[in-house]
Amino acid sequence: MSISDKENKMIIRITRRAAVLLFAVLFAAALMTGCGSDSGQRRDGSVRIGVTLYDQYDTFLSELMNSFNGYVDARKAEGVDIVTVRQDAAGSQSLQNDEVAEMIENGCSVICVNLVDRTEPTPIIDMARKNDVPIIFFNRELVEEDLMQWDRLYYVGADAFQSGILQGEMATEYCKAHPEADKNGDGSIQYVVLEGEAGHQDAIIRTEYSVDTMIQKGIILDKVGYAIANWNRVQARSKMEQLIDSSGTGIELVLANNDDMAMGAIEAYEGREIPQEEWPVIFGIDGTEVGLQAVVSGKMAGTVYNDKDGQAQAMEALAYALATGKPLQNLSLPGEIRLEDNKYIRLPYKKVDQKAAEEILSK
Ligand code: BGC
């Protein structure tokens, strides 16, 4: 039986339409698979969030991650199918780049990156853009030009300047209220600074603004030493022991860039069996569990609260919205906090004296 011209044309038309339809179906399926879709939603409706830390043993970040996990659990309790994949970059930027590549390959809808080297975000940004996976950088702030490299890059953290100013104000208030802080009565305060990692925005800025604030507020300062202790309690203890050995009990004030290093300073005085009345006044930043306890016990004169819980809440809310294609303008954020310039979420710091430390610990 031969097919007429008319029948032939009809078959060709039907075949073409079927091909167009098949192409459309395949294209839509491809869009919905993994994290390469516009909304970021995975095909099975689940949300997979990757997190990589510069160092999982960092005290502040461990506490921030505990809060973050709490927000993820609350989301699960609402019935959302959400999983987090967490990796430790253990201080290696190239390992962190590999971790991000693997998370992308394993279908993460969004990745939260605590950069090892905040000046080297480009390999991660390039991978993210190529695969259309948004990135939330947190705590270790990349420069603005880098964050502007692509519109699906975000930063969650705090304002480093504010932490330095608040620490300087607290130390000033203390010195004015306690003239005996000037132990040798020479009219100036002999001080040392324990600094975080060289090159970290918080270390550079906290040191500068804490000291400058005190000077501006009329305290005469005399720097007797400083040490870089990389945010670390053990390093701070040994550096502080060296400073004690070289300056005796002549140090009147310790400004530590974080609570862990302030704790290291306390341990150094305890280890040298120097009675607490002879210690300098010690200030930290962060308000970690141990830091707050030291403020309550009076070993530390005060700290500045680095809002780990607010940062964790913001990071989870932003990650969830990005993963599910929800609008970013109605994120559930603490207080008046907003996503600024469609890029930044910054949580404010707060001064913590003994009473405030008790209140935070009792929550
Ligand atoms: C915290 C430090 C922490 C560092 C890690 C800072 O904001 O104050 O305690 O070690 O971030 O990047």
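A few remarks follow.
- For region 44-66, filtered to residues that are more than 14 Å from the ligand (Cβ to nearest atom) and out of contact with any strand residue (DSSP E or B) (no Cβ under 9 Å at 6 or more places or on another chain), the residue that is nearest to PHE137 (Cα to Cα) is ASN66.
- The lone exception for ILE337 - which of (1) within 30 Å of CYS108 (Cβ to Cβ); (2) more than 16 Å from the ligand (Cβ to nearest atom); (3) touching a strand residue (DSSP E or B) at 6+ places or on another chain (Cβ under 7 Å); (4) open to solvent by less than 20 Å² (accessible area, probe 1.4 Å) it fails: (4)
- Test result for THR207, of a type in the set (S, T, N, Q) and either within 16 Å of the ligand (Cβ to nearest atom) or within 18 Å of LYS299 (Cβ to Cβ) (or both): yes
- Qualifying residue in region 249-269 (condition: closer than 24 Å to ASP353 by Cβ and among the hydroxyl-bearing types (Ser, Thr, Tyr)): yes
- Members of region 257-270 that are away from the ligand (no atom under 16 Å from the Cβ), open to solvent by 10 Å² or more (accessible area, probe 1.4 Å) and in contact with a helix residue (DSSP H, G or I) (Cβ under 7 Å, 6 or more places away or on another chain): GLU267
- The set of residues from region 220-233 being closer than 20 Å to ILE251 by Cα and either within 16 Å of the ligand (Cβ to nearest atom) or open to solvent by less than 20 Å² (accessible area, probe 1.4 Å) (or both) comprises GLY225, ALA227, ILE228, ALA229, ARG233.
- Among the residues making up region 129-188, those that are assigned to a loop (DSSP other than H, G, I, E, B), surrounded by fewer than 17 Cβ atoms within 10 Å (Cβ to Cβ) and of a type in the set (A, V, I, L, M, F, W, C) are VAL143, MET148, TRP150.
- Test result for ASN66, within 16 Å of the chain's Cα centre (by Cα), polar (S, T, N, Q) and surrounded by fewer than 22 Cβ atoms within 10 Å (Cβ to Cβ): yes
- When the residues of region 271-301 are filtered to those that are among the charged types (D, E, K, R) and under 23 Å from LEU221 (Cα atoms), the one that is surrounded by the fewest Cβ atoms within 10 Å (Cβ to Cβ) is GLU277.
- Odd one out for GLU141, checked against (1) in contact with a helix residue (DSSP H, G or I) (Cβ under 6 Å, 6 or more places away or on another chain); (2) away from the ligand (no atom under 16 Å from the Cβ); (3) among the acidic types (Asp, Glu): (2)
- Members of region 246-267 found to be farther than 19 Å from THR59 by Cα and modelled with pLDDT of 95 or more, listed by number: ILE251, GLU252, LEU253, VAL254
- Taken over region 157-180, the criterion of being in contact with a Leu (Cβ under 7 Å, 6 or more places away or on another chain) and more than 14 Å from the ligand (Cβ to nearest atom) is satisfied by ALA171 alone.
- Residues of region 307-339 classified as under 17 Å from the mean Cα position of the chain (by Cα) and not basic (Lys, Arg), total: 16
The values are calculated or read from the model by the stated rules, or taken from the named source; none is laboratory data. All of these numbers come straight from a predicted model, not from anything done at the bench. Cβ atoms come from the backbone with ideal geometry, glycine included; neighbour counts cover every protein chain shown. Note: areas computed on protein heavy atoms with side chains; ligands, DNA, RNA excluded. Shrake-Rupley method; radii C 1.70, N 1.55, O 1.52, S 1.80 Å.
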